[in-house]
Amino acid sequence: MRSDATTVEQYLTELPDDRRRAVEAVRETILANLPEGYEEAMNWGMISYQVPLEVHPDTYNGQPLMYAALASQKNHMAVHLSAIYANEKARKDFEAAYKATGKRFDVGKSCVRFKKLEDLPLDVIGEAVARVPVDRFIAMYERAREGHVQ
């Protein structure tokens with residue numbers, strides 16, 4: 001379910017009430033923990049937390065580097081966390097912290113899927129978001145682009 005919304009507010013108003021409440025709660029968690037320098041925007045049909053092109057314009061596709069994102073999909077909602085995809089230790093730490101909550105661990109490479117807010121450990125999401133400042137995320141991206149494994 002890709003949205004054509006151009007603003008976060010427009011995206012949120014398109015959602016059914018239950019999903020809007022869940023997405024808004026996750027959004028609040030992300031914004032409360034987002035390191036300085038990232039921006040919130042609509043990109044790729046979802047709420048994106050990204051490195052502004054003014055900060056790092058040299059990307060492989062000319063688009064801002066997506067650090068995190070939040071979306072309502074057809075069968076679930078999802079939080080995308082690029083830093084856990086780009087760094088094996090971060091991924092393992094995230095998985096351990098998530099599983100320690102006892103909640104169902106439904107994760108792809110960087111996508112954390114959930115059907116209702118109660119399924120998602122917001123504190124673990126917040127910690128993952130807070131973990132990587134912009135300069136370190138750019139460095140991770142550059143190393144990956146050069147073919148170096150994290």
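Just a few scattered comments:
- Pair list, Cβ < 6 Å and 6+ apart or interchain, from the stretch 113-131 residues that are under 21 Å from S82 (Cβ atoms) to residues that are surrounded by fewer than 16 Cβ atoms within 10 Å (Cβ to Cβ) and of a type in the set (D, E): R113/D106
- Restricting I30, I84 to residues that are outside any strand (DSSP E or B), among the β-branched types (V, I, T), in contact with a Leu (Cβ under 8 Å, 6 or more places away or on another chain) and surrounded by 15 or more Cβ atoms within 10 Å (Cβ to Cβ) narrows the list to I30.
- Among the numbered conditions (1) farther than 19 Å from D119 by Cα; (2) not in a loop (DSSP other than H, G, I, E, B); (3) not acidic (D, E), the only one that G37 does not meet is (2).
- Subset of the stretch 34-62 (residues that are under 16 Å from Y141 (Cβ atoms), crowded, with 17+ Cβ neighbours inside 10 Å and in contact with a helix residue (DSSP H, G or I) (Cβ under 9 Å, 6 or more places away or on another chain)): Y38, Y49, V51, H56
A quick yes/no check of all residues on (1) in contact with a strand residue (DSSP E or B) (Cβ under 8 Å, 6 or more places away or on another chain); (2) over 28 Å from D135 (Cα atoms); (3) among the hydrophobic types (A, V, I, L, M, F, W, C):
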{"residue": "E14", "(1), (2), (3)": "no, yes, no"}
{"residue": "D17", "(1), (2), (3)": "no, yes, no"}
{"residue": "R21", "(1), (2), (3)": "no, yes, no"}
{"residue": "E24", "(1), (2), (3)": "no, no, no"}
{"residue": "A32", "(1), (2), (3)": "no, no, yes"}
{"residue": "G37", "(1), (2), (3)": "yes, no, no"}
{"residue": "S48", "(1), (2), (3)": "yes, no, no"}
{"residue": "E54", "(1), (2), (3)": "no, no, no"}
{"residue": "P57", "(1), (2), (3)": "no, no, no"}
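- Within the stretch 15-32, residues that are of a type in the set (D, E) reach partners that are part of a helix (DSSP H, G or I) with beta carbons closer than 9 Å, at six or more positions or on different chains, in the pairs D18/L117; E24/L12; E28/L122.
- Restricting attention to the stretch 40-64 and to residues that are in contact (Cβ under 8 Å) with a residue 24 or more places away in the chain, among the hydrophobic types (A, V, I, L, M, F, W, C) and in a loop (DSSP other than H, G, I, E, B), the residue that is farthest from V112 (Cα to Cα) turns out to be V55.
- Scan of the stretch 106-133 for residues that are under 25 Å from V55 (Cα atoms) and surrounded by 20 or more Cβ atoms within 10 Å (Cβ to Cβ), ordered by number: I125, A128, V129, V132
- Within the option set A68, A83, being among the hydrophobic types (A, V, I, L, M, F, W, C), more than 16 Å from A5 (Cβ to Cβ) and modelled with pLDDT under 95 holds for one residue only, A83.
- All of V149, V134, V129, V124 fail the test of being closer than 26 Å to G62 by Cα, touching a helix residue (DSSP H, G or I) at 6+ places or on another chain (Cβ under 9 Å), of a type outside the set (F, W, Y) and modelled with pLDDT of 95 or more, apart from V129.
The values are calculated or read from the model by the stated rules, or taken from the named source; none is laboratory data. Just so it is clear, the structure is predicted and the values come from calculations on it, not from any experiment. Please note: Cβ atoms are built from the backbone with ideal geometry, for glycine as well, and neighbour counts cover all protein chains shown.
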